[in-house]
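Here the structure is laid out as structure tokens; the discussion comes afterwards.
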Amino acid sequence: MPKYDWDALDFSLHPTDKMFIAECELGGQWHHEGLVDFGPIPISPAAGALNYAQSVFEGMKAFRRHDDSVALFRPEKNAQRMIRSAEAICIPPVPESLFLNAVTSTITANEHYIPPCGKGAFYLRPIIFADGDHLGCRPAPHYRFVVYASPVGNYFKGELAPIKLFTSYDYHRAASKGTGHAKYAGNYAGSYASMLAAKAAGYQSTLYLDAQSNCYIEEAGTANIFFVSGNRLITPQLGSILEGITRESIITLAEHKLGMSIEQRNIDINEISDFDECFCTGTAAVITPVSDITTRNDTICYQNGAVGPITQTLYDMYRGIQLGDQEDSFGWIKTVITSTNSLA
Ligand SMILES: *Cc1c(COP(=O)(O)O)cnc(C)c1O
């Protein structure tokens, strides 16, 4: 039984006992699946993942709810997105049933690492990567699916602590007609240089613009972005941005519970001074208010650095559904461990 100071948890890796693995030949079926001890995986230096970044991932959280049960939030959405990500870079997709079984097994095998209700979450990281070796630039002959996990605290320090964004004009995250919509490993390290520069200048994250015109807002590092203006909720349309499951859930809540009108469209960076509130969404970031956006010309401040009322309402609804304070009217919660056999 691990001893954690649950209140001190941050968003870093705390290894757990077990991970789930499976393997597949190019053109074959996934097999040899099951739980093993968490630990290193031997890999050839010629593996496709190491040489050509043929690798995709997912990120999802299991929560301990008020009744002590453990639940996932819309896990089938992660399974379906991982199929799309894999197909985008010619990786054999993991069927939805295998994905869900792998995630559930990883949770139950590591139950002691799941934080108490409200003290963080149990982050699951499914990956599929090419471990087959070959020299030529083409899909590798062999693949591995792994699900590992870690208890985590908040991604940005402090729940609902507003962050500052720095607009990146010199680096783009994703090209149009590229791989930005996929949770593809190769999309991420390319943003480290701009992210480190933003952090060194006192910002928590980078705001990326579209690669074609360098004027439309795409997203913030590893989170989607939203703006509020009166009764309107405005967010960039799908295309080269990552199709966030939190993004889709927030759109649903705003439309069906708050009666807001939703605009998914191009948002010019010069429009941002017209908006009342700004926040980011993602499994890791949950809903993170944005207090400032610094552009080439200006710094726009929202709500004088406080949390905006719509941001707060959406956050309370979203977290309320996850933890069990609010009715799960859309069927988003999948119970993995029921409260009766929970050891908490
Ligand atoms: C994962 C991710 C998100 C958020 O997606 P969720 O499904 O809400 O966790 C947003 N942007 C990028 C680039 C991501 O990788």
Of K18/K334; K177/K257; K77/K257; K77/K119; K18/K257; K61/K164, which ones are farther than 30 Å apart at the Cα?
K177/K257; K18/K257
With point charges of +1 on the Cβ of Lys and Arg and -1 on the Cβ of Asp and Glu, referenced to the Cα centre of the chain, which listed residue (V94, G28, A175) lies farthest in the positive direction of the dipole?
G28
Mean Cβ count within 10 Å, highest first, over the residues of peptides 121-130, 185-194
121-130, 185-194
Nearest-20 debye value, the range 74-217 charge dipole, Cβ charges on Lys, Arg, Asp, Glu:
240 debye
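Cα-Cα pairs above 20 Å in the range 1-91: how many percent? If you can, show how the numbers build up before the last one.
Numbers: 2330 of 4095 pairs.
So the pairs more than 20 Å apart make up 57 percent of the total in the range 1-91.
Counting pairs of alpha carbon atoms under 8 Å apart in space and at least six apart in sequence, what relative contact order in percent does the range 152-220 give? Could you put the intermediate results ahead of the total?
Values: 85 pairs, mean separation 26.3, N = 69.
Once normalised by length, the contact order is 38 percent.
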Accessible area, 1.4 Å probe, largest first: how do L207, L35 sort?
L35, L207
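Taking all pairs of distinct Cα atoms, average 1/r, flip it, and tell me the Kirkwood hydrodynamic radius of the range 107-226 in Å to one decimal place. Provide the component values of the computation, followed by the final result.
Working: mean 1/r = 0.0580 Å⁻¹.
Answer for the range 107-226: a Kirkwood hydrodynamic radius of 17.2 Å.
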Gain in length, R84 to K257, computed as 0.36 nm per residue apart minus the alpha-carbon separation, to one decimal in nm?
59.3 nm
Using the charge dipole of the range 123-263 (Lys, Arg: +1 at Cβ; Asp, Glu: -1 at Cβ; taken about the Cα centre), state which of Y184, G259, P162 has its Cα farthest towards the positive end.
P162
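Taking all pairs of distinct Cα atoms, average 1/r, flip it, and tell me the Kirkwood hydrodynamic radius of the range 17-176 in Å to one decimal place. Let's see the in-between values first.
Working: mean 1/r = 0.0578 Å⁻¹.
Hydrodynamic radius (Kirkwood, Cα pairs) of the range 17-176 is 17.3 Å.
Taking R0 as 56 Å, what FRET efficiency do you get between D17 and N214 from their Cβ-Cβ distance, rounded to the nearest 0.05? It would help to have the intermediate numbers written out before the result.
On the way: r = 47 Å, r/R0 = 0.84.
According to the calculation, E is roughly 0.75.
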Relative packing of 304-311, 225-232, 139-146, which averages over residues the other C-beta atoms within 10 Å, highest first:
139-146, 225-232, 304-311
Value of [θ]222 nm, deg cm²/dmol, for the chain, DSSP H segments ≥ 4, -39500 (n - 2.57) each, nearest 500
-6000 deg cm²/dmol
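Could you pull out every whole DSSP H run in the chain that spans at least 15 Å of Cα extent along its own axis and averages 0.5 or higher on the Kyte-Doolittle scale? Don't skip to the answer; put the middle values down first.
Values: long enough: 75-88 (20 Å, -1.25); 96-109 (20 Å, 0.86); 245-256 (16 Å, 0.18); 309-323 (21 Å, -0.17).
Helices meeting the criterion: 96-109.
With the Cα gyration tensor of the range 248-344 giving a ≥ b ≥ c as the square roots of its eigenvalues, does the rule (a/c under 1.5 for rounded; else a/b larger than b/c for prolate; else oblate) give rounded, prolate or oblate? Before the final figure, lay out the partial values.
Details: a/c = 2.79, a/b = 2.11, b/c = 1.32.
It is prolate, given that a/c is not under 1.5 and a/b is the larger ratio.
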With N denoting the number of residues in the chain, provide Rg(C-alpha) divided by 2.2 N^0.38 Å, to two decimal places.
1.00
Computed over the chain: relative contact order in percent, which uses C-alpha pairs under 8 Å that are six or more apart:
20 percent
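The values are calculated or read from the model by the stated rules, or taken from the named source; none is laboratory data. It should be emphasised that the depicted structure is a prediction, and the values quoted were computed from it without experimental measurement. Note that each Cβ is placed from the backbone with ideal geometry, even for glycine, and that neighbours are counted across all protein chains shown. When the accessible area is computed, the model is the full protein with side chains, heavy atoms only, and any ligands, DNA or RNA have been set aside. Shrake-Rupley method; radii C 1.70, N 1.55, O 1.52, S 1.80 Å.
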